[in-house]
Structures are given as C-alpha cells and as structure tokens.
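Trainee: Pasting a structure here, questions to come.
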Amino acid sequence: MLQQSRYLITTLHPWEQDSRALLLTKGGSGEHDIRPNAHTVYSLAVGYRYVKDGYLPDLSPEICRDKAIAILRFVLSTHGAGDKLCNDNKKWHNQWQSALWASSVGKACWLLWDELEPELQWLAARMICDEADRFVDKIPPARIDSDTKAEENAWNSTIISLAYAMFPRHPNNEVWRETAIRSLQ
C-alpha cells in the first residue's frame, strides 16, 4: 500500500479551480476520473492513521495526510454536496457507482476527521448523507440471469452503513440501518 501510495503521489497535479486541491486524473465526473482519486485518498488516510513504522524515506504520515486532504478538496467540492463542477462541467453524484466512490472518500474523511477543516467536514457529511439517502425507500434490484445486481447492492450498502455508523444522531439514522439491512437481503 505504501509503495503504491508513494508512486501515486508523484502523479498528483493541481486542480485548476483550487490551487490547494490535487488530483490524479483529468478531473472529469465519470468513473475513470473519480474512482482513482477516491481509492487513493482512502489509501493515504489509512497510511496516515494506521501505519506506525516502515514508511519509505520520501513518504511520511504527514505527507499521507496532506496529500489526502488535498485530494479531498477536489472530490468533496465536486460531488453534489459541493458547489464546484468537475472539469467536464458536471458533478459526480447520483451515478451507478458513485455510492462506491463516496464510500471510499467517506471512510477517508472519517479517518482524517480531526484533521479536516470545518468546511471539508460539512462537505463530507453532506456527501455521505446524500448518497445514503438515494437508497431509502427503494427496493434493491435483483435478477437471476446475467447481471444479478449483487455487486451494486453490496457497494451501495457500504455508503448506507457508513452514514449509519458516522452519524448516530442524524434524523435518518434508523432509516439508514433498515435500508442497509434490506440492501443485503
């Protein structure tokens, strides 16, 4: 994980809309632009929070934290929760896989919560809650042949479960619990 993180941070570049934000991709709203940033930010957050020793000479906990927060400035502000658009003039929320991406970003935010400024905390909370709310009162799709939808249901349940775990006093907390259970049945 550290070797991969070390390599990926060498490919980060500034985002034109925010000089404090970094990203790996061209900054569009689709899977190939958001997913790599989402998974990388989660990996860096895990590195920051849990690796006790064994960092590489040019990779420290502080570098993991700082690069993760810089990536969060892009992914959080371009989700529907934020006020900015991706480089293709779209937001990346409400897509077939956006719950998966939001789950990775959300877990990274949870690991870095005390390091995030209030604006990023608010954007993270809104992203997680908005993505979880998409599945409330919906019956999870299921089929026998071809695409069973099991994979989508599994990744959708992760954002719902994350919302439930992170925000126990939120008005939708119990609804998220029921929704997460239903999505895995």
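The values are calculated or read from the model by the stated rules, or taken from the named source; none is laboratory data. Computed from a predicted model, the values in this text were never measured in an experiment. Virtual Cβ from ideal backbone geometry, glycine too; neighbours counted across all protein chains shown. Please note that ligands, DNA and RNA were not included when accessible areas were found on the heavy atoms of the full protein model with its side chains. Shrake-Rupley method; radii C 1.70, N 1.55, O 1.52, S 1.80 Å.
Trainee: Report yes if residue 21 is farther than 20 Å from residue 100 by Cα and open to solvent by less than 20 Å² (accessible area, probe 1.4 Å), otherwise no.
Mentor: yes
Trainee: Out of 53, 33, I need the residue that is among the acidic types (Asp, Glu), open to solvent by 30 Å² or more (accessible area, probe 1.4 Å) and under 16 Å from the mean Cα position of the chain (by Cα). Which one?
Mentor: One residue alone meets the criteria, 33.
Trainee: Residues that are outside any loop (DSSP other than H, G, I, E, B) and either open to solvent by 10 Å² or more (accessible area, probe 1.4 Å) or of a type in the set (S, T, N, Q) (or both): does the range 132-149 have at least one?
Mentor: Yes: one or more hits.
Trainee: Taking the stated definitions as given, is residue 177 in a helix (DSSP H, G or I), modelled with pLDDT of 80 or more and basic (Lys, Arg)?
Mentor: Yes: the conditions hold for residue 177.
Trainee: Here's another thing I want to ask about it. Got a sec? Which of 182, 177 is surrounded by 14 or more Cβ atoms within 10 Å (Cβ to Cβ), in contact with a Phe, Trp or Tyr (Cβ under 6 Å, 6 or more places away or on another chain) and more than 19 Å from residue 76 (Cβ to Cβ)?
Mentor: The unique qualifying residue is 177.
Trainee: Only one of (1) modelled with pLDDT of 95 or more; (2) surrounded by 15 or more Cβ atoms within 10 Å (Cβ to Cβ); (3) among the acidic types (Asp, Glu); (4) over 28 Å from residue 47 (Cβ atoms) is not met by residue 152, so which one is it?
Mentor: In the conditions (1) modelled with pLDDT of 95 or more; (2) surrounded by 15 or more Cβ atoms within 10 Å (Cβ to Cβ); (3) among the acidic types (Asp, Glu); (4) over 28 Å from residue 47 (Cβ atoms), residue 152 misses (1) alone.
Trainee: Under 9 Å between Cβ atoms, at least 6 apart or on separate chains: pull out the pairs that start in the range 122-147 with a residue that is more than 17 Å from residue 162 (Cβ to Cβ) and end on any residue that is open to solvent by 100 Å² or more (accessible area, probe 1.4 Å) and hydroxyl-bearing (Ser, Thr, Tyr).
Mentor: Sorted first by the residue in the range 122-147, then by its partner, the list stays empty.
Trainee: Name the pairs whose Cβ atoms lie under 7 Å apart, with the first residue in the range 161-185 and without any contact (Cβ under 8 Å) to a residue 12 or more places away in the chain, the second part of a helix (DSSP H, G or I) and not charged (D, E, K, R), and 6 or more positions between them or separate chains?
Mentor: Short answer, once both residue conditions are applied: 173/164.
Trainee: Also, I was wondering about something else. Between a first residue in the range 81-98 that is over 23 Å from residue 16 (Cα atoms) and a second residue that is in a loop (DSSP other than H, G, I, E, B) and modelled with pLDDT under 95, which pairs have beta carbons less than 7 Å apart while being 6 or more apart in sequence or on different chains?
Mentor: 94/80; 94/134
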